[in-house]
Amino acid sequence: MSETGLTPAAPGPAGRIRAWWGPRIVTQIVTVCAVLALFWLLGQNTATTMERIGIAPGFGFLGHSANFEIGETSIPFSAGNTYAYAMLVGLINTVKVALLGCILTTILGVTIGIAGLSGNLLLAGLVRGYIEIVRNTPLLLQLFFWVSLTKAFPPPRQAAPLFDAVFLTNRGVFFPAPIFDGMPDGAGWLIGLPLAGYGLFLWFARRRGALTLRRGLLAALACLALAAALLAGNGVSIGFDVPVLAGFNIRGGVTITPEFTALLVGLTVKFSAAIAEIVRAGIQSVGQGQWEAARSLGMHRGQIMRLIVIPQALRVITPLITSSYLDLTKDSSLAVAIGYPDLVSVINTTANTTGQAFEALIILIGVFVTINLSVSYAMNVYNRRVALRGSGPR
Amino acid sequence: MTTLDNIPGALSRGPETPEPEAGSRNVRLPLWRRLRAGLFGTPGNTAITLATLLALAWTVPPFLRWAVIDATWSGTSEECAAAAGACWAFVAAKFRFISFAFYPPALHWRPFLVVVLLLALLAATALPRFWRRGLLLAWLAGIAACWLLMAGTLTPPPVPSNQWGGLPVTLLVWTVCFGIATPLAIGLALARRSDMRSVKVLAIAFIELMRAIPMVAILYVAMLILPMAVPDGQLIDKTIRAMVMITLFWSAYLAEVVRAGLQAIPPGQDEAAMALGLGYWRRMQLVILPQALRTVVPAMVNLAIGFLLATSLLAVIGIVDLLNAARAAATDPSWLGFYDEAYLFVAAIYFAFCFGGSRYSMWLERYLGAAKERG
């Protein structure tokens, strides 16, 4: 318990090792041996069982061909590709829904959090109700609800388009995709150049401490205009591939499947409540004295918020929001219950078809531990950076 | 590692800090004045109010029409299909199925008694004046009684656990796993703060591993790995396997909360106890843990609420908990497809437990704070 060693460590490397290792050597050795014995026992049993049911342990199965289809893929996949490749498809699906979910839930959550602080009683009450309902019902229940809602959309040929462009159907959501016509080969620089310019601007502005939201937005607009001019100057026309009703189905545009829609909406809604609470807690964590001091300097509300409150609130908000993102990534595994082929779902299918459950789950656990540890590491680096910039007593 | 304890506000769920708005502090205006200021205080505020009202007028009436005006309150599924609104007759007809799932209908008094018993125990646990050793014994006896009742060991005919379902399963898994995970978590938290390096490293590895992986993965371990890892392939019951893994999983989360409590105890307490000549376990038992646990009880209640919501994942491995029972109810051929009603009904049950729990946690925080000030 106590970190203060009562007996000073003997000098020399042996003493330092003993000080690092801590007291009660015998107890420690017994503990480690007991844990190792437990794992050995479990491993032995597992190996025996696998032998009995005729499964060769090891990761060799990853190279075998998988005889199942995956309903939704970002990279081409068909039955006959290897299991390793199937898992990669699943991982990409997980990353896709998790990334999009984090972005959307941040937008929704911050909006709701700010709406809750607006001081308008009606809006604040509504926000409170939303948060309580979302937070106090299970995510899986909400996902089932969203699935049943997406299933309740009309079939494609009866779907009424929203704004003549977006179709909500029981086969998925169709919306327009931007297309670039007459794009010459190797013309990626037309888009790459403005992007690089924007990156340079961000880097320089940040280094000189002159980066503000307005300047960032203006520069982004300038880069967009530059990209549009470059594209137009090289004979590229930008259009939209708008989905249209053709016979019994809808053609064109991009489609997102009902399962993906349900999962994305479910995760976004569930975690928006958490993020709204985090934003509220963060802004309220900045003391009243900060507001009063800033007001006495003649700042107005927007300035106080932007220059005084948000920078301090971010110290509280960032670690909390990061752990929300991690939770969202972990909870995206509920995809398996609603038929979206994420990593967990693919690994479950793999385990059931090959019998290599042990190895498959080791991979699953490895992936999530890697994600978690790397985000935790980044978080620790961030925490050290904000802590260094003088966080005196508030 | 990102842990709960270096995050202010992570342990509290509700809005206990006052609003930052100046001016309204310390002054208790009459209700209508506060309403007027809050709704129409400034032009901007009025605009927000009007916009919100417009949005409400757009969304609330259709919902009310579906849920109340056009709803069918009693009758058959044909009458429901004919009506445009919600089919509450379905919930009335399927109430017993959603509550107890595939348990033999003639024996429904057993799961009913189990639910009553567990609710009574939960209610008693909620009152700090019952917090003594007797309550612990009551829980042990109560859980044993529930298990025997459900299994029908003493009151034949026996019912195998694959026929258990609905609310009793949700409540049993929740309470038993939480109950066993708590002492485990205390052990883990103490181990993580131990000055024995190997014990500390083992505790950190276990906690961080568990916290890194999703609960679905844990349930798959219970389904696929655990049967292989027991000797001679003895098939332990699926529900028990899931409960073993869930207990281990939750203990890692609870351990982090307990650790936050341990860190909140000033080192002087431990040093003073050491000066009195108390050994490690006596110091923990008499001085450190009583204070540490007292500070984290509200946080543990919040965690318990999250756990109750998480028990719904049992559906993924085919255990018929409350949510899965509701889903199964809507697949009955004579009442096909009333998913929305089924989900809304169980959502209301979950909400009642969890909202009640979160209010209770806020009350408890105030109560314990006041008790501490009284000394």
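For chain A, the relative contact order is 21 percent, taking Cα pairs closer than 8 Å that sit 6 or more residues apart in sequence and dividing their mean separation by the residue count. Taking the square roots of five times each eigenvalue of the Cα gyration tensor of segment B:54-120, the equivalent ellipsoid has semi-axes of 33, 18, 7 Å, listed largest first. With contacts taken as Cα pairs under 8 Å and at least 6 residues apart, chain B reaches a relative contact order of 19 percent. Hull volume per residue, based on the alpha-carbon atoms of segment A:183-234 and their convex hull, is 53 Å³. Annotation: peptides B:195-203, B:152-160, A:62-70, ranked by per-residue average of other Cβ atoms within 10 Å with the highest first, follow the order B:195-203, A:62-70, B:152-160.
Considering all C-alpha pairs of segment B:30-69, those separated by over 12 Å amount to 64%. When Rg and Dmax are taken over the Cα atoms of segment A:183-306, they come to 22.7, 68 Å. Shape index of the protein assembly as shown: Rg/Rh, with Rg the Cα radius of gyration and Rh the Kirkwood radius from the inverse mean 1/r over Cα pairs, equals 0.97.
Of all DSSP bridge pairs formed entirely within the protein assembly as shown, close to 85 percent run antiparallel. Kindly provide the helix-only [θ] at 222 nm of chain A, computed as the sum of -39,500 (n - 2.57) over DSSP H runs of four or more divided by all residues, to the nearest 500 deg cm²/dmol? Taken over chain A, the calculation gives -21000 deg cm²/dmol.
Summed over all non-identical Cα pairs, the Kirkwood treatment of segment B:143-211 gives a radius of 14.6 Å. In sequence order, segment B:78-93 has phi-based couplings of 5, 4, 4, 4, 6, 7, 8, x, 5, 10, 6, 4, 4, 5, 5, 6 Hz under the Karplus curve 6.51 cos²θ - 1.76 cosθ + 1.60, θ = phi - 60°, and Gly or Pro positions carry x. Here the Gaussian network model covers chain A, with springs between Cα atoms less than 10 Å apart; of A:Ala351, A:Ala84, A:Ala205, A:Ala205 fluctuates the most. Compute the Cα gyration tensor for segment A:18-65, then decide on rounded, prolate or oblate, letting a ≥ b ≥ c be the square roots of its eigenvalues: rounded whenever a/c is under 1.5, prolate when a/b is larger than b/c in the other cases, and oblate in all that remain. Since a/c reaches 1.5 but b/c is at least a/b, the shape of segment A:18-65 is classed as oblate. Length, then width, then depth: along the principal axes, the Cα atoms of chain B run 78, 71, 37 Å. Which of the three applies to segment B:229-278, rounded, prolate or oblate, going by the alpha-carbon gyration tensor with a ≥ b ≥ c and a/c under 1.5 meaning rounded? Taking the square roots of the gyration eigenvalues as a ≥ b ≥ c, segment B:229-278 is prolate.
Built from the Cα atoms of segment A:76-178, the convex hull projects on average onto 10.3 nm², one quarter of its surface area.
Can you bin segment B:62-179 into rounded, prolate or oblate? Criterion: square roots of the alpha carbon gyration tensor eigenvalues sorted a ≥ b ≥ c, rounded for a/c under 1.5, prolate for a/b above b/c, oblate for the rest. Judged from the Cα gyration tensor, segment B:62-179 comes out oblate (a/c at least 1.5, b/c at or above a/b).
Peptide packing for A:141-148, A:33-40 was compared via the average number of neighbouring C-beta atoms within 10 Å per residue; ordered from the highest value, the list is A:141-148, A:33-40. Mean projected area of the convex hull spanned by the Cα atoms of segment B:188-327, taken over all viewing directions: 10.4 nm². Of the candidates B:Leu29, B:Leu254, B:Leu119, which one comes out as most mobile in a Gaussian network treatment of chain B with C-alpha springs shorter than 10 Å? Ranking B:Leu29, B:Leu254, B:Leu119 by mean-square fluctuation puts B:Leu29 first. Across peptide B:220-228, the average count of Cβ atoms from other chains found within 10 Å of a residue's Cβ is 6. Using the Karplus relation 6.51 cos²θ - 1.76 cosθ + 1.60 with θ = phi - 60°, the per-residue 3J(HN,Hα) values for segment B:150-157 come to 4, 6, x, 5, 8, 10, x, x Hz, with x marking Gly and Pro. The smallest convex shape that holds all Cα atoms of chain A, its convex hull, gives 274 Å³ per residue.
When each of the peptides B:293-301, A:284-292 is scored by the mean number of other C-beta atoms lying within 10 Å of its residues, the order from highest to lowest reads B:293-301, A:284-292. Counting, for every residue in A:262-275, the Cβ atoms of other protein chains within 10 Å of its Cβ and taking the mean gives 0. Computed over neighbours whose Cβ is under 12 Å from that of B:Trp88, the net charge equals -3, Lys and Arg +1, Asp and Glu -1. Database note for chain B: Cys without another Cys beta carbon under 4.7 angstrom, B:Cys146, B:Cys177, B:Cys354. Taking a Cβ cut-off of under 14 Å around A:Val375, the surrounding Lys, Arg, Asp and Glu residues balance to a net charge of 0, with basic ones at +1 and acidic ones at -1. Across segment B:344-350, computed HN-Hα scalar couplings (Karplus, 6.51 cos²θ - 1.76 cosθ + 1.60, θ = phi - 60°) run 4, 5, 6, 4, 5, 5, 4 Hz from first to last residue, x flagging Gly and Pro. Helical content alone sets the calculated 222 nm signal of chain B at -21500 deg cm²/dmol, taking -39,500 (n - 2.57) per DSSP H segment of four or more residues and averaging over every residue.
From the Cα trace of segment B:96-254, what convex hull volume per residue do you get, rounded to a whole Å³?
Working: hull volume 23.3 nm³, N = 159.
Per-residue hull volume (Cα only) is 146 Å³.
Computed from the coordinates by the stated procedures, all read-outs in this text should not be read as laboratory data. This is a predicted model, so every value here is computed, not measured. Heads up, the Cβs are rebuilt from the backbone with ideal geometry, glycines too, and the neighbour counts pull from every protein chain shown.
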